[in-house]
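The values are calculated or read from the model by the stated rules, or taken from the named source; none is laboratory data. Here the structure is a predicted model, which is why all the values come from computation and not from measurement. FYI the Cβ positions are ideal-geometry reconstructions off the backbone, even for glycines, and counts take in every protein chain you see. We work out accessible area using only protein heavy atoms, side chains counted, and drop any ligands, DNA or RNA first. Shrake-Rupley method; radii C 1.70, N 1.55, O 1.52, S 1.80 Å.
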Amino acid sequence: MAKSKTVYVCTHCGNDSPKWLGKCPVCNEWNTYVEQVVTPKSNSGTSLQHSHESPKSRPLSLNEINTGNEIRMNLADEEFNRVLGGGLVPGSLVLIGGEPGIGKSTLVLQTVLRLTNYKTLYVSGEESARQLKLRAERIGYDNPDCLIVCETSLDQIFTHIKNVHPDLVIIDSIQTIYIENIESSPGSITQVRECAASILKFAKETGTPVLLIGHINKEGSIAGPKVLEHIVDTVLQFDGDQHYMYRILRNIKNRFGSTSELGIYEMKQNGLREVSNPSELLLTQNHEGLSGVAIAAAVEGIRPFLIETQSLVSTAAYGTPQRSATGFDIRRMNMLLAVLEKRAGFKLIQKDVFLNIAGGLKVNDPAIDLSVISAVLSSSLDVAVEREICMAGEVGLSGEIRPVNRIEQRILEAEKLGFHTIIIPHNNLKGFDYQKTQIRIVPVKKVEEAFRELFG
Ligand code: TYD
Ligand code: MG
């Protein structure tokens with residue numbers, strides 16, 4: 001019987017050490033070491049002495065490797081497929097992370113219930129079969145090819161997999177399953193890491209894709225160390241605000257496609273609905289005549305959508321003016337406010353500024369700068385931006401409007417949604433065919449020109 005030993009593992013980067021450390025020498029985080037008991041497998045020694053045994057694998061040169069025409073599994077959900085880069089790759093291990101209650105189990109369950117021609121095994125370590133049945137009834141789908149098992153022991157799970165031969169395996173969640181001969185409790189770093197590694201081995205050997213659901217801890221990272229993110233092929237994050245009905249599926253790591261894709265869902269009584277035209281959803285409110293609102297023509301991944309930026313500027317009541325931004329980088333907002341001060345006589349020191357991107361979305365596209373700065377000025381002047389005007393443009397430090405990518409798509413999206421004018425960076429004009437569009441295009445070089453167009 002192998003003797004168990006104690007190691008200390010960094011919860012941030014997964015580094016281990018024989019003794020406790022206050023600061024991790026690898027990732028420099030403080031107070032991240034936790035105690036773990038590991039029982040080594042009796043014949044785990046790897047040494048050159050074993051090298052006479054014939055290995056299972058064989059080194060190959062790249063041109064000997066046959067990729068074939070890889071057929072991805074179509075998940076019958078346009079948003080999900082796109083975020084994965086065009087469907088699920090056979091043998092891939094995908095982690096879906098998100099806060100409790102955001103809808104991870106709902107998303108995955110409704111996806112597998114709608115899948116036809118594939119046999120799926122849904123392993124639930126969190127909910128009873130009855131609870132899953134109730135949820136499936138709520139979603140309103142039934143699928144005889146989807147089998148459910150409530151199990152937390154990984155050995156048992158593998159036995160079920162062997163009996164069922166599924167085309168797709170779901171594990172909900174990785175933090176609840178455990179390997180029997182590892183002494184630490186389920187959800188601990190050692191368990192999470194070892195379980196994920198065994199599942200990865202299974203996925204690669206059999207070519208069966210596996211979706212793992214993982215929780216996000218208080219710090220906002222996927223519980224279990226970063227190691228889990230290194231093990232899996234793809235990390236998706238499902239987030240959104242509990243108070244809004246929108247949910248966003250983002251790709252943070254993808255070995256088989258781009259990470260800039262985004263899927264948008266709406267939480268309904270009967271599950272999650274794909275939002276294939278986000279602009280319509282994000283622009284539903286009528287803000288005619290209200291100051292502090294400007295519409296940005298944004299792009300996330302390759303998808304254009306129009307989004308409302310709202311701002312409220314009021315006289316600072318206390319010594320230090322307040323600044324708050326939801327869905328936008330506060331440092332960037334401060335930079336834009338400084339540009340406003342320089343270019344439009346906006347008195348920074350006397351104003352509280354609140355900024356909000358509608359729908360609780362976080363947009364990383366720098367092209368929304370122009371609408372942010374316009375919304376702030378609109379609120380400050382108490383003059384509304386005309387409802388049928390939208391804009392795109394990155395704002396530079398000297399108040400210049402810098403070109404943005406995919407301008408054509410932005411313009412076409414604005415036109416499609418009935419806007420009569422779009423303000424764009426002057427530099428984006430090159431090579432753009434005006435004749436194609438009906439919408440009035442206003443090219444601007446500096447923020448002042450945009451303000452003149454908007455506020456006269
Ligand atoms: P759930 O999928 O259990 O979240 P997670 O697995 O991420 O913890 O989602 C739970 C929430 O979703 C719950 O608060 C209720 C809500 N919900 C709906 O609004 N409509 C539905 O059809 C379903 C199934 C859940
Ligand atoms: Mg769940």
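Observations
- Scanning segment 17-36 for residues being modelled with pLDDT of 85 or more, assigned to a strand (DSSP E or B) and open to solvent by 40 Å² or more (accessible area, probe 1.4 Å) gives a total of 2.
- Check on residue 153, out of contact with any helix residue (DSSP H, G or I) (no Cβ under 8 Å at 6 or more places or on another chain), more than 16 Å from ligand 1 (Cβ to nearest atom) and polar (S, T, N, Q): yes
- Selection count, segment 117-131, where residues are more than 16 Å from ligand 2 (Cβ to nearest atom) and not charged (D, E, K, R): 4
- Taken over segment 310-343, the residue count meeting the criterion of being at pLDDT below 90 and open to solvent by less than 60 Å² (accessible area, probe 1.4 Å) is 3.
- Filter result for residue 94 (surrounded by 13 or more Cβ atoms within 10 Å (Cβ to Cβ), assigned to a strand (DSSP E or B), of a type in the set (Val, Ile, Thr) and modelled with pLDDT of 85 or more): yes
- Check on residue 113, within 16 Å of ligand 1 (Cβ to nearest atom), under 23 Å from residue 76 (Cα atoms) and either of a type outside the set (Lys, Arg) or modelled with pLDDT under 95 (or both): yes
- Qualifying residue in segment 196-207 (condition: under 20 Å from residue 104 (Cα atoms), modelled with pLDDT of 85 or more and in the same structural domain as residue 83 (by TED's automatic domain parsing)): yes
- Here residue 87 meets the list (1) within 16 Å of ligand 2 (Cβ to nearest atom); (2) among the small types (Gly, Ala, Ser); (3) touching a helix residue (DSSP H, G or I) at 6+ places or on another chain (Cβ under 8 Å) almost entirely, failing just condition (1).
- Residues of segment 380-403 that are part of a loop (DSSP other than H, G, I, E, B), under 20 Å from residue 304 (Cα atoms) and aliphatic (A, V, I, L, M): 392 alone.
- Segment 174-185 - residue that is without any contact (Cβ under 8 Å) to a residue 60 or more places away in the chain and touching a helix residue (DSSP H, G or I) at 6+ places or on another chain (Cβ under 9 Å) and, of those, nearest to ligand 2 (Cβ to nearest atom): 175
- Meets criteria (over 28 Å from the mean Cα position of the chain (by Cα), among the polar types (S, T, N, Q) and in the same structural domain as residue 183 (by TED's automatic domain parsing)) for residue 81: no
- With respect to (1) away from ligand 2 (no atom under 14 Å from the Cβ); (2) touching a strand residue (DSSP E or B) at 6+ places or on another chain (Cβ under 6 Å), the lone exception for residue 148 is condition (1).
- Pick from segment 429-452, criterion in contact (Cβ under 8 Å) with a residue 60 or more places away in the chain and crowded, with 17+ Cβ neighbours inside 10 Å, ranking: farthest from residue 400 (Cα to Cα): 451
- Only one of the listed residues (86, 101) is within 16 Å of ligand 1 (Cβ to nearest atom), touching a residue at least 40 places away in the same chain (Cβ under 8 Å), assigned to a loop (DSSP other than H, G, I, E, B) and open to solvent by 10 Å² or more (accessible area, probe 1.4 Å). That residue is 101.
- Residue check, residue 302 open to solvent by 10 Å² or more (accessible area, probe 1.4 Å) and over 24 Å from residue 103 (Cα atoms): yes
- The set of residues in segment 408-428 that are open to solvent by 20 Å² or more (accessible area, probe 1.4 Å), closer than 24 Å to residue 276 by Cα and modelled with pLDDT of 90 or more contains only 420.
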